[in-house]
Amino acid sequence: MMNKSKTKIVIASVLKPVDDVRNYEKIATSLFADENNEITVLGTQSQQDFINRRINTRAWEKFQRLSFGRIQIQGEYWRTLKEVKPDLIIFTTFELLFVSVIFRARYGSKLVYDVQEDYLKNLWHQHFYPFGIRHILGVGIRTMELLFSPFISGYLLAEKIYEKDMPAVSNKSIILENKSLPFLLAKKDTKFKVVFTGTISAYSRALESIELYFKIKNQLPDSSMTVIGYAPNLHYLKLIKNRYSDLPEIEFKLSSDPVPHSDIVKEISTARLAIIGYFPNPVNEGKIPTKLYEYTAAKLPYLVQENTLWSRVGCEFGIAIPVDFKDPLSDLIIRVKEIEKAEHASTGYRWAEQEDLLIEFINNIVS
């Protein structure tokens, strides 16, 4: 009896590293559980010593974020697809949409678009480009996404809100949120450590989160704060460091490249308190950050602006401490200890709860 041939799957990103937590640790690893799948992950070079013998990885030639090299990725992507000859391509950005559709037309690969960002909202409401230009870019990208949608077999939506924002594709999509991988709970630091993790930007309100720490520090006299994450905006990074880098209570572990997820997990595991700085705006409307699920899995209490989606979800999990960032609580340490001792939700935040849905969805597309 002949062995069934392997199903070749490519998972491709432009800016995410090959060991990105969603692309590699979650989606690729879940699909690899089916021994019939052969997985190749494409992305930028990992920032850690990454030796992989289970899932194939290929890193792009190094390029600057805003450079011609980023455009040249298209050719490298095409050549890699021709070499691998995938049965299924899961691409994670609009930048790979055109080449993926052309490859499908020529070689018959099935396509799945993992929608991790709403580029229309991001461009319209984050002022990276001048007024007018950002609106043209946003509409242009959304138009391209809709025009090519007939050629795409399925969509993975990283946020529930994307189903509302992209109703034209809801009939062939599943919601696959950025829920947490398992946490090995480590021994807590001797000092009371507060953490801020993730992207360091005005959007994530990293600066306001640091300011909040110094407002509550009188309640936590023997404490320190660690700020760890990816800092794409050098001006914002310089602003934070100029203001706080000389203070012994605060430690910065920042990089202009994505920080290895294992480094972030280590900081979360040894902390006593975290801060989520988001304040409602059109870009984060309806979105749940990965760190909310990770803090829940790590049983790590976190401060969050009261009367927001993130405070409501966190309270349902029994892990959030809603506060007014301008006038925080006076009994904070009591609240932290109460949450540490309390029973917490056991479902709703784990990636494993979505694995069967993902595997079934992909199997139906490639079969």
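The values are calculated or read from the model by the stated rules, or taken from the named source; none is laboratory data. All values reported here derive from a predicted model rather than from experimental measurement. Note that we place each Cβ from the backbone using ideal geometry, even for glycine, and neighbour counts take in every protein chain shown.
So here's what we get for this one:
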{"item": "Identity of the residue in segment 198-209, of a type in the set (G, A, S) and outside any loop (DSSP other than H, G, I, E, B), that ends up surrounded by the fewest Cβ atoms within 10 Å (Cβ to Cβ)", "result": "S209"}
{"item": "Looking only at segment 235-254, and only at residues there that are touching a Phe, Trp or Tyr at 6+ places or on another chain (Cβ under 7 Å) and surrounded by fewer than 17 Cβ atoms within 10 Å (Cβ to Cβ), the one that is modelled with the lowest pLDDT", "result": "S245"}
{"item": "Single match in L31, L15, L42 (criterion: assigned by TED's automatic domain parsing to the domain that holds L111, in contact (Cβ under 8 Å) with a residue 24 or more places away in the chain, of a type in the set (A, V, I, L, M, F, W, C) and assigned to a helix (DSSP H, G or I))", "result": "L31"}
{"item": "Condition check for L329: in contact with a Lys or Arg (Cβ under 9 Å, 6 or more places away or on another chain) and in a loop (DSSP other than H, G, I, E, B)", "result": "yes"}
{"item": "Set L212, L156: member being of a type outside the set (G, A, S), in contact (Cβ under 8 Å) with a residue 40 or more places away in the chain and either outside the structural domain of G314 (by TED's automatic domain parsing) or not in a helix (DSSP H, G or I) (or both)", "result": "L156"}
{"item": "Residues that are without any contact (Cβ under 8 Å) to a residue 24 or more places away in the chain and either charged (D, E, K, R) or assigned to a loop (DSSP other than H, G, I, E, B) (or both), drawn from segment 215-242", "result": "P221, K238, K241"}
{"item": "Odd one out for I362, checked against (1) of a type outside the set (S, T, N, Q); (2) buried (at least 17 other Cβ atoms within 10 Å of the Cβ); (3) within 29 Å of N281 (Cβ to Cβ)", "result": "(3)"}
{"item": "Conditions (1) basic (K, R); (2) in a loop (DSSP other than H, G, I, E, B); (3) loosely packed, with under 14 Cβ neighbours inside 10 Å: number failed by K188", "result": "(3)"}
{"item": "Check on V336, surrounded by 18 or more Cβ atoms within 10 Å (Cβ to Cβ) and within 29 Å of E163 (Cβ to Cβ)", "result": "no"}
{"item": "Failed criterion for F151 (all others in (1) modelled with pLDDT of 95 or more; (2) out of contact with any strand residue (DSSP E or B) (no Cβ under 8 Å at 6 or more places or on another chain) hold)", "result": "(2)"}
{"item": "Qualifying residue in segment 338-356 (condition: β-branched (V, I, T) and over 18 Å from the mean Cα position of the chain (by Cα))", "result": "yes"}
{"item": "Residue match in segment 94-108 (condition: in contact with a Lys or Arg (Cβ under 6 Å, 6 or more places away or on another chain), crowded, with 19+ Cβ neighbours inside 10 Å and not charged (D, E, K, R))", "result": "no"}
